[in-house]
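Below is one structure; the comments refer to it alone.
The values are calculated or read from the model by the stated rules, or taken from the named source; none is laboratory data. Everything numeric here is computed off the predicted structure, so don't read it as measured data. With ideal geometry, Cβ positions are generated from the backbone for all residues, glycine too; neighbour counts draw on all protein chains shown. Note: areas computed on protein heavy atoms with side chains; ligands, DNA, RNA excluded. Shrake-Rupley method; radii C 1.70, N 1.55, O 1.52, S 1.80 Å.
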Amino acid sequence: MLSSKKIVLVGHFGVGKSSLIRRFVKNSFSDDYLVTVGVHIVKKTVHIDNDEITLIIWDIEGKEDMQKLRPSFLLGTSGFIYVFDATRESTYINLSDEINYIETHYPKTNLLTVANKIDLIEKNIFIKIAENYKLKIDYYSSAKTGENVELIFNDLAKNLIK
Amino acid sequence: MTDAEKLTLLRDLLLDEDRNFANKILEKVDTLTDTVNIDEKLSQKVEPIISRKLTSFVEEIPVKLGPTITEALSEQIKNSQDEVVNILFPLLGKMIKKYIQSEMKTLSDNINAQINQKLSFKYWYRKIMSFFSGVSEIDFVLADMAKSKILQLFIIEKGSGLIIARYSNTDTIDEDLLAGMLTAIKSFVEDAFIKGDQNLELIEYELYKIYLQNFPTYYISAVISGKFDAVFKNRVENDLFDFANKHIKKNIGNKQYIEQKLKEYFINA
Ligand SMILES: Nc1nc2c(ncn2[C@@H]2O[C@H](COP(=O)(O)OP(=O)(O)OP(=O)(O)O)[C@@H](O)[C@H]2O)c(=O)[nH]1
Ligand SMILES: [Mg+2]
């Protein structure tokens, strides 16, 4: 059966939400930074075993605080990907509050956390930092090299089918 | 203060508002550029609209707001700019709404171009008809336009913007994305500019109008060509309520059934 699910990428400005989506949907990357204003919607169908699922992906503007987001952008979401920038402390320092916010306001949704731009920092060093901050990280990714990008979206899709 | 001075003061105040406002628009233009990827064309299109609207806005002030403003002015303007802004705000709100609509229009120029391409047999039909009948092409276009018709119909889940069911006799736009965009625009406009329990009902662009009718958990969006007057609106509204009652209410998860019924409805319409 073909089904559609809305997923949303959230996180601070410039952490690479649009870039991850672009890598996933178009398999391309650009170093230029084009701020997302409002929302941009794209889709991609993924195949999982014998199932097909169309991800309707909402690429929304970055906000340093989930509470400042327009709630109407988040309604009806099945899966969240919370993205932060591994090279910028300010984008993950509030991670647990942000996760908390999503889990209380959007229970029953799936949530994955992603440390992006991992190509810019020594992974081992960052893992130590993450331990220090007690960050709950599901994936390390790079929209630039493509590392783990496909995996993140596919795993989310799997969770949504379950 | 002389009248001329008052007017100058007022104009300064307004232009300040306008500047903020223009900045907002510029930000949005950026998104569109991002989305549609035709930077220059887009800004060429939007900039004239902005300046045209601003001009007509400034021209309208004396006529529409004259009496209210003069009264408020003499009392308040010196030390209370907020007051004036409050008076003007409803009007600005309306303008902003119009902008959103015209942005939608720009965005959809693209979509239209696609539709036109695909439907180009119509273009040729008109050309040939006009050649043989001696009636000008434009009359054919007008005759075409006058017939109000629903071209496409989407039943869309509120919030998520996912399509519950659809009817369409054209196959050009990506419907999932259109439904998502419509939902985003609708909720954006509704929570930013419309107060109370009003809804965004109509988005116009080119020859098409997108009519939006609300139900508790979903809304129906109809893409309409031709004249959208009160009579036609009434008919569509009644039909949609009818249809929702008969077929959607108890079958909300049953896409196949709803789409079958939609098809029947359109064949009989
Ligand atoms: N080196 C590197 N740069 C990246 C990566 N991902 C994104 N960037 C760059 O970071 C900048 C911001 O990326 P965007 O994808 O626009 O960020 P965003 O989260 O969508 O930003 P907003 O729309 O403003 O919220 C761009 O210049 C990208 O090229 C990555 O994995 N590695
Ligand atoms: Mg972005």
Quick one: count up the residues across segment A:1-16 that are within 13 Å of ligand 2 (Cβ to nearest atom) and either within 10 Å of the chain's Cα centre (by Cα) or assigned to a strand (DSSP E or B) (or both).
6
Could you please let me know if residue A:31 is of a type outside the set (S, T, N, Q), within 16 Å of ligand 2 (Cβ to nearest atom), more than 23 Å from residue B:179 (Cβ to Cβ) and more than 8 Å from every other protein chain (Cβ to nearest Cβ)?
yes
Can you find, within segment A:4-16, the residue that is farthest from ligand 1 (Cβ to nearest atom) among those that are of a type outside the set (A, V, I, L, M, F, W, C) and within 11 Å of chain B (Cβ to nearest Cβ)?
A:4
Members of segment A:108-138 found to be open to solvent by 80 Å² or more (accessible area, probe 1.4 Å) and not charged (D, E, K, R), listed by number
A:120, A:124, A:125, A:132, A:133
Going through segment A:106-132 one residue at a time, which ones are part of a loop (DSSP other than H, G, I, E, B) and within 13 Å of the chain's Cα centre (by Cα)?
A:117
For residue A:53: the one exception among (1) more than 26 Å from residue B:189 (Cβ to Cβ); (2) facing another protein chain (nearest Cβ under 10 Å); (3) aliphatic (A, V, I, L, M)
(2)
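May I ask you to verify whether residue A:134 is more than 16 Å from ligand 2 (Cβ to nearest atom) and over 30 Å from residue A:52 (Cα atoms)?
yes
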One residue from B:248, B:252, B:210 being modelled with pLDDT of 80 or more and touching a Leu at 6+ places or on another chain (Cβ under 8 Å):
B:210
Given the conditions (1) under 30 Å from residue B:182 (Cα atoms); (2) at pLDDT 95 or above, and given that residue A:148 satisfies all but one, which numbered condition is not satisfied?
(1)
